[in-house]
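Visitor: Encoded as structure tokens, here's the structure I'll be asking about.
The values are calculated or read from the model by the stated rules, or taken from the named source; none is laboratory data. All figures in this text were calculated on a predicted structure; none of them were measured in a lab. Cβ atoms come from the backbone with ideal geometry, glycine included; neighbour counts cover every protein chain shown.
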Amino acid sequence: MSVLSVRNLKVTIPTHGEPLEAVRGVDIEVGAGETLGIVGESGCGKSVTSMAIMRLLPGRISVAADEMRLGDTDLLAMSERQMADIRGDRMAMIFQEPMTALNPVLTIGRQMSETWARHRRGSKREALEAAVDLLDRVGIPHPRERLGVYPHQLSGGLRQRVMIAMALLCDPQLIIADEPTTALDVTVQAQILDLLASLQQERGLAMIFISHDIGVVARIAGRVQVMYGGRTVDGGPVGELLGHPKHPYTRALLSSVPRRGMRWGRDTLGAIRWTEDAPEASS
Amino acid sequence: MSEKVMSDIVMELRDVRRTYRIGGGMFGKPRDLHALDGVSLQLRRGEVLALVGESGSGKSTLSRILLGLEAPSSGEVFLDGAPVASIRRRAFAARVQPVFQDPYSSLNPRKTVRQIIEAPLVIAGGVAASERLRRVRELLDILRMPERMLEAYPSQMSGGQRQRVAIARALISRPEIVVCDEPTSALDVSVQAEVLNLLMELRAEFGLTYLFISHDLAVVEYIADRVAVMQSGRLVEVADAEALFAAPQHDYTRRLLASALTVPAASPDT
């Protein structure tokens, strides 16, 4: 059974002129233990899609769908308060820049125990024990001592590990990771991807992994959806999609990325010709 | 450049060190951070020399020293055989120009495209307004940007267009060297392809030498003639690009190459 099931998601952003249809009918299905990659360029609607699922978009933006279920919970029927209970508990998000997603004036321990208290209402000691366990699990050395540090005292890689630990704290069914390794160095990126993959396996998490980087998605996702202009234009198992891209846009996207072994003058990078107005929404 | 013979080496660093004093604050003991720890490097005329390494390896300090934005704590920098310290600031700036990573923050939002591109000439002085405009127009044409862009503001442009404006600004003073610091990292992949092609075409057209800083090893392999690998303020390996990617010598280079995630080549099963 699917952990997350979304049918015909539409997101419309009001502007001074014509409303902008940032997402125009997207379906998403992720099962336990599965990683779905969503790739696409700026403005394709990939981040807006994830924000809509988490219900993190500002109220003036309209979100509609035929169906949006987390397990057997109908997310469309949830009030704001109920959604606040679900976020961070049953589904959690990992963002690109942990420096902006973490609170700079609270210690790591305080942030983690507040999240725990919000959803689990346990004692502070239990919360801190859970935090130490997870910090240890995500590979942070000396986790107990790290509870007292502030985000700026950690390197980018460690901060991203803290974010992952916080996302996992309440043992969610679904994790949405939006460009979680884009701000990291390549060696750190590889470590974080391996960590996410192994956590996902051991906990049977459903994961949506959003990235502009096809190489990264190829490494972590089993199935991929390619988005363009607010729609899913292509999709399938990762090997098939990359090996035999069917849709012209996927082919163009793949051919525009330099691959190992390619040299300028001998190999040509493909260009993408815009066939349709891509929305200018930030993603 | 009177009697000077144009040599193969356009710029050279000899045993350059740059040290920052950090910490200290109220209680801490200040200590020295060796951002560059004895770097010697030659930039050959007309080449694309890529500089790779992770955050904190000293890449940006090295590029700031090449651009003359910072002086080395010790060691020497030469431009066409002359010590950089002996070259007047404005003359130096006209010969070595930067293209930065983020076209959203590196362009003044309150200036028009024309004003942004001609700024290096205005600062250098001695070029009449009509000649400046002629050169701006010529560059827009080369960069395949419509003339109506002249009076546009950066906020009205896409990322790719902005990066072209940044490239035009770098080229207007007809520099010998362009230091590109992650010039395509903030761009979409399709736009990246376009900017890379453009940079390579311009190299031939203007006889440019590039120092190209990037974390993307596939991009580096695609365009670089030589690659310099930095770790903790030192160059651990400098080699021809094809040799380096085929047989990396240093352990750290091997580790970097192993971590790089690129699109697997098209194949039936992955």
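Visitor: For region B:143-157, how many residues are farther than 28 Å from A:D267 by Cα and either within 14 Å of another protein chain (Cβ to nearest Cβ) or assigned to a loop (DSSP other than H, G, I, E, B) (or both)?
Guide: Count: 6.
Visitor: If you take the residues of region B:158-177 that are farther than 30 Å from B:A91 by Cβ and in contact with a helix residue (DSSP H, G or I) (Cβ under 7 Å, 6 or more places away or on another chain), which of them is nearest to the other protein chains (Cβ to nearest Cβ)?
Guide: Among those that are farther than 30 Å from B:A91 by Cβ and in contact with a helix residue (DSSP H, G or I) (Cβ under 7 Å, 6 or more places away or on another chain), it is B:G159.
Visitor: Something else: Out of the residues in region A:9-55 that are more than 14 Å from chain B (Cβ to nearest Cβ) and of a type in the set (S, T, Y), state the one that is surrounded by the fewest Cβ atoms within 10 Å (Cβ to Cβ).
Guide: The qualifying residue surrounded by the fewest Cβ atoms within 10 Å (Cβ to Cβ) is A:T15.
Visitor: Sticking with this structure for a sec: Name the pairs whose Cβ atoms lie under 6 Å apart, with the first residue in region A:105-127 and closer than 20 Å to A:I86 by Cα, the second surrounded by 14 or more Cβ atoms within 10 Å (Cβ to Cβ) and of a type in the set (F, W, Y), and 6 or more positions between them or separate chains?
Guide: From residues that are closer than 20 Å to A:I86 by Cα, the pairs are A:A127/A:W116.
Visitor: Considering only residues of region B:74-105 that are assigned to a loop (DSSP other than H, G, I, E, B) and among the hydrophobic types (A, V, I, L, M, F, W, C), which is farthest from the chain's Cα centre (by Cα)?
Guide: B:I87
Visitor: Let me ask something additional. Please determine whether any residue of region B:201-217 is within 7 Å of chain A (Cβ to nearest Cβ), within 25 Å of A:V238 (Cβ to Cβ) and at pLDDT below 95.
Guide: Checked against the condition, which is being within 7 Å of chain A (Cβ to nearest Cβ), within 25 Å of A:V238 (Cβ to Cβ) and at pLDDT below 95, region B:201-217 yields at least one hit.
Visitor: When you look at A:P151, is it buried (at least 16 other Cβ atoms within 10 Å of the Cβ) and of a type outside the set (A, V, I, L, M, F, W, C), yes or no?
Guide: Judged against the criteria, A:P151 is a match.
Visitor: Something else now. Only residues that are more than 10 Å from chain A (Cβ to nearest Cβ) and out of contact with any Ser or Thr (no Cβ under 6 Å at 6 or more places or on another chain): list them for region B:187-200, please.
Guide: B:L198 - this is the single residue of region B:187-200 that is more than 10 Å from chain A (Cβ to nearest Cβ) and out of contact with any Ser or Thr (no Cβ under 6 Å at 6 or more places or on another chain).
Visitor: Suppose the filter is within 15 Å of the chain's Cα centre (by Cα) and in the same structural domain as A:V149 (by TED's automatic domain parsing); does A:I192 pass it?
Guide: no
Visitor: Which helices (runs of 4 or more DSSP H) sit wholly inside region B:164-270 and have at least 2 residues that are farther than 30 Å from B:D32 by Cβ, touching a Phe, Trp or Tyr at 6+ places or on another chain (Cβ under 8 Å) and aliphatic (A, V, I, L, M)?
Guide: Qualifying helices (runs of 4 or more DSSP H): B:189-206, B:217-223.
Visitor: Something else now. Which residue is surrounded by the fewest Cβ atoms within 10 Å (Cβ to Cβ), if the candidates are limited to region B:23-51 and must be out of contact with any helix residue (DSSP H, G or I) (no Cβ under 6 Å at 6 or more places or on another chain) and among the aliphatic types (A, V, I, L, M)?
Guide: Looking at residues that are out of contact with any helix residue (DSSP H, G or I) (no Cβ under 6 Å at 6 or more places or on another chain) and among the aliphatic types (A, V, I, L, M), I get B:M26.
Visitor: Please state which one of B:P183, B:P154 is under 22 Å from A:S42 (Cα atoms), touching a helix residue (DSSP H, G or I) at 6+ places or on another chain (Cβ under 6 Å) and buried (at least 21 other Cβ atoms within 10 Å of the Cβ).
Guide: B:P154
Visitor: So, B:D188, is that one of a type in the set (D, E), modelled with pLDDT under 90 and buried (at least 19 other Cβ atoms within 10 Å of the Cβ) or not?
Guide: yes
Visitor: Follow-up. With respect to the numbered conditions (1) away from every other protein chain (no Cβ under 14 Å); (2) free of Cβ contacts under 8 Å to residues at least 40 places away in the same chain; (3) in contact with a helix residue (DSSP H, G or I) (Cβ under 6 Å, 6 or more places away or on another chain), which one is the sole condition not fulfilled by B:Q115?
Guide: The single condition B:Q115 does not satisfy is (3).
Visitor: Restrict the check to region B:61-73 and report whether at least one residue is touching a strand residue (DSSP E or B) at 6+ places or on another chain (Cβ under 8 Å), over 27 Å from A:D185 (Cα atoms), β-branched (V, I, T) and not in a loop (DSSP other than H, G, I, E, B).
Guide: No, region B:61-73 has no match at all.
Visitor: Test A:A52 against the criterion of being touching a residue at least 40 places away in the same chain (Cβ under 8 Å), touching a Pro at 6+ places or on another chain (Cβ under 6 Å), of a type outside the set (K, R) and outside any loop (DSSP other than H, G, I, E, B), and give yes or no.
Guide: No.
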